[in-house]
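Quick notes on the structure that follows.
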Amino acid sequence: MLEKKHLAKTFTLEIIYHVGEYENSIHFIFDHASKTCAIIDPAWEIDLFINRIIDKGYKLSDIWLTHWHTDHTNSVDRLVDKTGAKITAGIHEIPYLQIEHEVQTVNDNDTIYLGETPAKVINTPGHSAGGVCYLLDGHLIAGDTLFVYGAGHCLLPGANVLDMYYSMQKLKQIDDVTILHCGHDYGIKIATTMGEQKRGNAWLVIETQQDFIKFINGMNQGSIAYPTSALNLKEIKAML
């Protein structure tokens, strides 16, 4: 497994890549002051997660979910059974979550805390009905809302292409220097910034609602290939 670490003022963000059947990227936020940890979208490898946190001298206190899809949530209940961690998810995702334990809900622009580390909640429906991103100091944890030069599909229950368009307009407002962290390593590289994505990610580059819907529908119908690298507006227009 590939690993990366980012040190911030109040927290350390660690990511392990290519976990499980769908090669998920699992994000750990370690709050320095409280010695507590939040894990984002835990799936597949329960013992690996618990041992990693304990070995660092931290306690798993929180599970933050970006969306309901089972490849991002299939370890949640067992992790709660073993650790008592609190689950947080977007309020509009609750009808879709297949989780037995109680879930604390959050909504757009809420701020949640892990010890002394704040994270802003950004509602980003589209890939799912109530998907959210978590914005920390210099880092955006986006789940499957946004990939490197790509984005999650709109094919499962609760998904909506128009909702995704408006979610992308929100993400365009995030500072260019913010580092994007995705739910899977599906792009040409792991490390990217929001500035790079605004310049080359078709989901962010497309300007109009009409072109956005045409682009997504074209991919669903097989007439447009899923991007593997950066695209400019002229290149995208030629596909439509």
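The values are calculated or read from the model by the stated rules, or taken from the named source; none is laboratory data. Just so it is clear, the structure is predicted and the values come from calculations on it, not from any experiment. Heads up, the Cβs are rebuilt from the backbone with ideal geometry, glycines too, and the neighbour counts pull from every protein chain shown.
Quick notes on this structure:
- Scanning the range 1-52 for residues being without any contact (Cβ under 8 Å) to a residue 60 or more places away in the chain, of a type outside the set (A, V, I, L, M, F, W, C) and either surrounded by 16 or more Cβ atoms within 10 Å (Cβ to Cβ) or assigned to a strand (DSSP E or B) (or both) gives a total of 7.
- Against the conditions (1) aliphatic (A, V, I, L, M); (2) in contact (Cβ under 8 Å) with a residue 60 or more places away in the chain; (3) surrounded by fewer than 19 Cβ atoms within 10 Å (Cβ to Cβ); (4) over 23 Å from ILE63 (Cα atoms), ILE216 satisfies every one except (3).
- Residues located in the range 98-122, provided they are crowded, with 21+ Cβ neighbours inside 10 Å and either more than 17 Å from the chain's Cα centre (by Cα) or not in a strand (DSSP E or B) (or both): LEU114, THR117
- Residues satisfying the stated conditions in the range 63-97, i.e. at pLDDT 95 or above, part of a helix (DSSP H, G or I) and of a type outside the set (Lys, Arg): VAL76, ASP77, LEU79, VAL80, ASP81, THR83, ILE91, HIS92, GLU93, ILE94, PRO95, TYR96
- Identity of the residue in the range 163-206, of a type in the set (D, E, K, R) and either at pLDDT below 95 or out of contact with any Leu (no Cβ under 7 Å at 6 or more places or on another chain) (or both), that ends up surrounded by the most Cβ atoms within 10 Å (Cβ to Cβ): ASP163
Condition check ((1) farther than 22 Å from MET219 by Cα; (2) touching a Lys or Arg at 6+ places or on another chain (Cβ under 8 Å); (3) not charged (D, E, K, R)) across all residues:
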{"residue": "VAL121", "(1), (2), (3)": "yes, no, yes"}
{"residue": "THR124", "(1), (2), (3)": "no, yes, yes"}
{"residue": "TYR134", "(1), (2), (3)": "yes, yes, yes"}
{"residue": "HIS139", "(1), (2), (3)": "yes, no, yes"}
{"residue": "THR145", "(1), (2), (3)": "no, no, yes"}
{"residue": "ALA151", "(1), (2), (3)": "no, no, yes"}
{"residue": "ALA159", "(1), (2), (3)": "no, no, yes"}
{"residue": "GLN169", "(1), (2), (3)": "no, no, yes"}
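- Checking each residue in the range 169-192 for being within 13 Å of the chain's Cα centre (by Cα) and hydrophobic (A, V, I, L, M, F, W, C) picks out LEU171, ILE179, LEU180, CYS182.
- Once the range 4-41 is narrowed to residues that are among the acidic types (Asp, Glu) and closer than 19 Å to LEU60 by Cα, the residue that is farthest from the chain's Cα centre (by Cα) is ASP31.
- Scanning the range 139-162 for residues that are of a type in the set (A, V, I, L, M), crowded, with 20+ Cβ neighbours inside 10 Å and either closer than 23 Å to LEU97 by Cα or touching a residue at least 60 places away in the same chain (Cβ under 8 Å) (or both) turns up LEU140, ILE141, ALA142, LEU146, ALA151.
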